[in-house]
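Before any comments, here is the structure.
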Amino acid sequence: MKCRYHAPWQFCNNSKLYVDENDEKKYEPKRNDDRLNTHKRETLMMCRANMDWKPILSKRVVINCIAKYASKAEKGSETFHDMLMRLSTIENPIEPTARAYRRLSFY
């Protein structure tokens, strides 16, 4: 089985910007771990989430990103009623969510 993202990646002692065989600009970050995603430390610390980071270097990549984002189906969120029903079924009385729900429901 192969990774769809082509991991593991090669080690790279220095970051580099180059043009590949398809005449596309590419960025290869400094890498000392063959399975670590590209990332920007400051962005990860600010968002507190697991995310990839890659600079956009061509119009084609911008168009692909926009098309992928626009065509992604949005996951529906839970209705308020469904959330209350789910919270009311929590059986553990010391569960913080259940305690908060019970406090709110008695006022």
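Every read-out reported here was derived from the displayed coordinates using simple, explicitly stated rules and does not represent laboratory data. Note that the coordinates shown come from a computational prediction; the quantities given were computed from them, not determined experimentally.
Structure data summary
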{"read-out": "Set Lys25/Lys68; Lys26/Lys75; Lys2/Lys30; Lys16/Lys40; Lys2/Lys59 screened for pairs whose C-alpha atoms are more than 27 Å apart", "value": "Lys26/Lys75; Lys2/Lys59"}
{"read-out": "Value of [θ]222 nm, deg cm²/dmol, for the chain, DSSP H segments ≥ 4, -39500 (n - 2.57) each, nearest 500", "value": "-10500 deg cm²/dmol"}
{"read-out": "Residue of Pro96, Pro55, Pro29 that the Gaussian network model of the chain assigns the largest fluctuation, springs spanning Cα pairs under 10 Å", "value": "Pro96"}
{"read-out": "Relative contact order [Cα under 8 Å, 6+ residues apart], the chain, whole percent", "value": "15 percent"}
{"read-out": "Candidates Arg48, Arg31, Arg60, ranked by Gaussian network fluctuation over the chain, Cα under 10 Å, top entry", "value": "Arg48"}
{"read-out": "Cα-based equivalent ellipsoid, segment 1-59: semi-axes from gyration tensor eigenvalues, Å", "value": "20, 16, 13"}
{"read-out": "Highest-MSF residue in the chain out of Glu24, Glu95, Glu74 [GNM, Cα springs under 10 Å]", "value": "Glu95"}
{"read-out": "(i) 8.1; (ii) 6.8; (iii) 12.4, with the label sought being that of the calculated mean projected area of the Cα convex hull in nm²", "value": "(iii)"}
